[in-house]
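A.B. asks: Handing you a structure now.
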């Protein structure tokens, strides 16, 4: 299996503080840390049944294990706790250690923030640890490999899937074993059939406004349950509700969010889409999902507090993504076709009427060459867009 260089700079993140490293299962957190730290860290994996049972019964054992090591050195010492959400009670011990040993740096990985958020008694270290998101493979990280953007549009961004010989089997296994078992357990529901239908319906909602009442009615559940299940997807880091940009005055924006899974392959697997063709609506949604996740990853990697949203007015003008950053606003429309029509520019041209300072308008598509329209819309081929995004040209 080839090694793919992940762009996250662990040394910079740990310079001044500890971190919560949060990301969906199988995005490669453990492999990344193993390669970065190369055995120099003290490590506790709470997926290990023996360690899990010990810390569950005696969370103070963490201090008993770590303090003797820290007492004998003034050097920066890294302690990794994998899947910390399984025993969040250990965080009280983590805070005690950080108070007594300024040289300690914790890396607290997790694939769910649900337990951490749900229990108000859980100690989240009072700002002593930064929250860092760990994404699937970005287009920048696969640029020096044989993997293609089309591979990611179809199969997603999970390293274990993309590097497998039988991608369809691995992706189906991920959906069945993770989404339909572990997240069902997180949902705290006995309505397993309803929750499975909810997952399929949420895949159909990919890139669309979420109307909770309609989705609840389609599945046959109440609206409160529907909202809570979308929250489960967000808490377990596999789904994201994208808010609507409200920085327009001439055209009032809608208030409802759009939904995306973090990975286009998941929605494809849930809906049985194993062979997408360019130019189809299904391909366009999958490409839009890949753009969405790369925008999120880019924002998180720069840590420049840029805001990601979409725009839709009450009179039905829409732009897929709006990035508010230090230098202005980037408005991005995604089309999975090789030929653009006049209607494809409609939302971007309506947004230009708002006279937003520093507005840059971009259409991402499969045209063969970069061009700029007479009114300033930049048309970028997909590969060039991702290259510009990760080189800092977009924002």
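The values are calculated or read from the model by the stated rules, or taken from the named source; none is laboratory data. Bear in mind that the values here come from a model prediction, so they are computed numbers and not experimental data. Glycine gets a Cβ as well: all are built from the backbone with ideal geometry, and neighbour counts include every protein chain shown.
A.B. asks: Could you tell me which numbered condition residue 290 fails, if it satisfies all but one of (1) closer than 21 Å to residue 254 by Cα; (2) surrounded by 23 or more Cβ atoms within 10 Å (Cβ to Cβ)?
C.D. replies: (1)
A.B. asks: Restricted to the range 360-395, and to residues that are more than 25 Å from the chain's Cα centre (by Cα) and within 23 Å of residue 245 (Cα to Cα), which residue is surrounded by the most Cβ atoms within 10 Å (Cβ to Cβ)?
C.D. replies: 379
A.B. asks: Of everything in the range 341-366, what is in contact with a strand residue (DSSP E or B) (Cβ under 6 Å, 6 or more places away or on another chain) and part of a loop (DSSP other than H, G, I, E, B)? Give them in sequence order.
C.D. replies: 356, 358
A.B. asks: With respect to the numbered conditions (1) at pLDDT 95 or above; (2) surrounded by fewer than 14 Cβ atoms within 10 Å (Cβ to Cβ); (3) in contact with a strand residue (DSSP E or B) (Cβ under 8 Å, 6 or more places away or on another chain), which one is the sole condition not fulfilled by residue 296?
C.D. replies: (2)
A.B. asks: Please list, ordered by first then second residue, the pairs with beta carbon atoms under 6 Å, 6 or more apart or interchain, first in the range 345-368 and on the phi > 0 side of the Ramachandran plot, second in a loop (DSSP other than H, G, I, E, B).
C.D. replies: Pairs that qualify, where the first residue is on the phi > 0 side of the Ramachandran plot and the partner is in a loop (DSSP other than H, G, I, E, B), are 358/327.
A.B. asks: Continuing with this model, one more query. Tell me which residues, restricted to the range 372-395, are in a strand (DSSP E or B) and under 23 Å from residue 317 (Cβ atoms).
C.D. replies: Residues satisfying the conditions are 372, 377, 378, 379, 380.
A.B. asks: Determine whether the range 197-211 contains at least one residue that is more than 20 Å from residue 27 (Cα to Cα) and over 21 Å from the mean Cα position of the chain (by Cα).
C.D. replies: The answer is yes, given that some residue of the range 197-211 is more than 20 Å from residue 27 (Cα to Cα) and over 21 Å from the mean Cα position of the chain (by Cα).
A.B. asks: Please work out if residue 90 is farther than 25 Å from residue 54 by Cβ, buried (at least 18 other Cβ atoms within 10 Å of the Cβ) and either in contact with a helix residue (DSSP H, G or I) (Cβ under 8 Å, 6 or more places away or on another chain) or touching a residue at least 40 places away in the same chain (Cβ under 8 Å) (or both).
C.D. replies: No; evaluated as a whole, the condition is false for this residue.
A.B. asks: In addition: Restrict the check to the range 321-340 and report whether at least one residue is touching a helix residue (DSSP H, G or I) at 6+ places or on another chain (Cβ under 9 Å) and surrounded by fewer than 18 Cβ atoms within 10 Å (Cβ to Cβ).
C.D. replies: yes
A.B. asks: Evaluate the following for residue 196: is it touching a helix residue (DSSP H, G or I) at 6+ places or on another chain (Cβ under 7 Å), free of Cβ contacts under 8 Å to residues at least 60 places away in the same chain and assigned by TED's automatic domain parsing to the domain that holds residue 383?
C.D. replies: Yes: the conditions hold for residue 196.
A.B. asks: Among all residue pairs at least 6 apart or on different chains, which show Cβ distances below 9 Å where the first residue, located in the range 293-311, is at positive phi and the second is assigned to a strand (DSSP E or B)?
C.D. replies: 303/130; 303/132; 305/325
A.B. asks: Right, something else. Pairs, please: C-beta under 6 Å, at least 6 apart or cross-chain, first residue without any contact (Cβ under 8 Å) to a residue 40 or more places away in the chain and in the range 369-395, second surrounded by fewer than 14 Cβ atoms within 10 Å (Cβ to Cβ) and part of a strand (DSSP E or B)?
C.D. replies: Listed by first residue and then by second, the contacts come to 378/372; 379/371.
A.B. asks: Could you tell me how many of the residues in the range 35-82 are modelled with pLDDT under 95 and assigned to a loop (DSSP other than H, G, I, E, B)?
C.D. replies: Total meeting the criteria: 10.
A.B. asks: Looking only at the range 222-247, count how many residues are at pLDDT 95 or above and under 24 Å from residue 317 (Cα atoms).
C.D. replies: Within the range 222-247, residues that are at pLDDT 95 or above and under 24 Å from residue 317 (Cα atoms) number 6.
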